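One structure is given here, and the rest of the page talks about it.
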Amino acid sequence: MQTHRPTVTRRGLASGLSCILSTVSVFTAQPVAASVPELVQDPIFALIEAHRLAVAKDRKAGDALARARLIHGPAVVELTAERKRTCKLRHNRRRDLRRATPTTAAGFRALRAYYQTLIPMPDIDDVATRCAADFVAAVARFEGRASR
């Protein structure tokens with residue numbers, strides 16, 4: 001039985017960030033917004049969200065195709081083509097996510113947390129190892145940029 005794990009979304013991060021900023025700005029005389037752009041500008045958040053949406057679309061298309069096949073519906077051909085499109089989109093978004101390098105500590109934490117949500121239980125295909133390798137590669141790319 002697969003348990004639900006919370007996901008990190010831009011909306012959730014933005015609401016948490018706005019709560020923190022409003023609290024901090026009440027207690028300080030200077031605006032805190034000067035440090036916020038580094039969080040907002042990290043491209044990893046948009047890539048995580050794009051991958052999450054692509055996975056949801058692919059899952060929805062797969063469910064629709066399975067239902068159509070069960071009832072031998074006339075839309076099986078169309079739904080098969082749609083599933084192929086959503087599967088390709090999901091793989092493209094995964095490739096984009098694998099190639100991206102977070103630029104902030106918050107981005108690294110979000111990427112690690114998101115990779116944890118991708119690991120199924122039981123992990124028959126060893127997704128955990130692939131996610132760990134992707135994360136290590138992102139860290140290495142970041143360290144390579146920092147040493148230049």
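Tell me, yes or no, whether the range 106-122 has at least one residue that is in a helix (DSSP H, G or I), among the polar types (S, T, N, Q), within 13 Å of the chain's Cα centre (by Cα) and closer than 14 Å to VAL55 by Cα.
Yes, the conditions are met somewhere in the range 106-122.
I'd like to know if the range 85-100 contains one or more residues that are modelled with pLDDT of 90 or more, β-branched (Val, Ile, Thr) and part of a helix (DSSP H, G or I).
Yes, that holds for at least one residue.
Let me confirm something: among ALA61, ALA46, ALA54, which residue is closer than 21 Å to ARG141 by Cα and either surrounded by 14 or more Cβ atoms within 10 Å (Cβ to Cβ) or within 12 Å of the chain's Cα centre (by Cα) (or both)?
ALA46
Out of ASP96, ASP58, ASP42, ASP134, I need the residue that is in contact with a Cys (Cβ under 6 Å, 6 or more places away or on another chain), of a type in the set (D, E, K, R) and at negative phi. Which one?
On inspection, the qualifying residue turns out to be ASP58.
Hey, CYS131 hits all of (1) buried (at least 16 other Cβ atoms within 10 Å of the Cβ); (2) over 19 Å from the mean Cα position of the chain (by Cα); (3) at pLDDT below 90 but one; which does it fall short on?
(2)
Whether any residue in the range 41-62 is part of a loop (DSSP other than H, G, I, E, B) and within 22 Å of ALA146 (Cβ to Cβ) is what I want to check.
Yes, the range 41-62 has at least one match.
Only one residue in ARG112, ARG141 is closer than 17 Å to ASP42 by Cα and at pLDDT below 90, so which one is that?
The conditions single out ARG141.
Condition first: more than 20 Å from ARG95 (Cα to Cα) and among the charged types (D, E, K, R). Now tell me which residues in the range 121-144 satisfy that.
Result: ASP123, GLU143.
Across the range 64-99, which residue is farthest from the chain's Cα centre (by Cα) among those that are of a type in the set (Lys, Arg) and more than 16 Å from LEU47 (Cα to Cα)?
Out of the qualifying residues, it is ARG69.
Looking at the range 90-103, can you tell me whether even one residue there is in contact (Cβ under 8 Å) with a residue 12 or more places away in the chain and more than 27 Å from ARG59 (Cα to Cα)?
Yes: the range 90-103 contains one or more residues that are in contact (Cβ under 8 Å) with a residue 12 or more places away in the chain and more than 27 Å from ARG59 (Cα to Cα).
The values are calculated or read from the model by the stated rules, or taken from the named source; none is laboratory data. Every value quoted in this text rests on a predicted model; they were computed, and no experiment measured them. Virtual Cβ from ideal backbone geometry, glycine too; neighbours counted across all protein chains shown.
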